[in-house]
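Here, each number is a calculation from the coordinates, and none is a lab measurement. All figures in this text were calculated on a predicted structure; none of them were measured in a lab. Don't worry about glycine lacking a Cβ; one is built from the backbone with ideal geometry, like all the others, and counts go over all protein chains shown.
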Amino acid sequence: MDNMKVIKINTILFFVGWTFIMLLGADFPPPFGFIWLILLILILDLIQYKYLHFFLPQLAKRKKHLFGINLAFFTIGGIVVSIFTLGITYKATIEMGMSNIIIWIAVVTIVAAIYGICFWFFNFLLTKKYINTSF
């Protein structure tokens, strides 16, 4: 079995899972601006899709330090996403104060790092099940 099955599982679960999580925190019905959050999830899903083409072969080969590389990828991604979201609403960002900005960046980065750890273990198990390798 090739990597595409694992990539499809990741892509579908990422989009559905994060959309569901965001819906849990939204008003009902979600406001029109929720569409921008869906667009952000789609963009992040595309980035993860591309990353999986690099990541899965390395995971199957049990490349040394891949866990750390993966954690760094998601942590840096969390920093970029948090700064991007602050930049979109720069007028509100300026008014919110430096401590709130730091808290926002820290929270998004920590969530991204935790997701990166879960991502590694999830794909380790999927690779073990769907890709013929000897672990």
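Data for the structure
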| read-out | value |
| --- | --- |
| MRE, 222 nm, helices only [DSSP H, n ≥ 4, -39500 (n - 2.57), over the chain, to nearest 500] | -29500 deg cm²/dmol |
| Stretchable slack from Val16 to Ala106, in nm (0.36 nm times residue separation minus alpha-carbon distance) | 29.9 nm |
| Spatially proximal lysines relative to Lys64 (Cα-Cα < 18 Å; intrachain offsets below 8 disregarded) | Lys128 |
| Of Phe121, Phe20, Phe67, the one that fluctuates the most in a GNM where the chain has Cα springs shorter than 10 Å | Phe20 |
| Only Lys, Arg (+1) and Asp, Glu (-1) charged, at Cβ; the chain dipole about Cα centre in debye | 740 debye |
| Exceeding the 18 Å Cα-Cα cut-off - candidates Lys5/Lys129; Lys50/Lys129; Lys8/Lys129 | Lys50/Lys129 |
| Among Ile21, Gly68, Val80 the positive-end extreme of the charge dipole of the chain (Cβ point charges) | Gly68 |
| Kyte-Doolittle mean at least 1.6 and Cα axial length at least 20 Å: DSSP H helices in the chain | 34-60, 66-88 |
| Computed log₁₀ I(q)/I(0) - Debye formula, equal Cα scatterers, no solvent, the chain, q 0.12, 0.14, 0.15, 0.23 Å⁻¹ | -0.55, -0.72, -0.80, -1.47 |
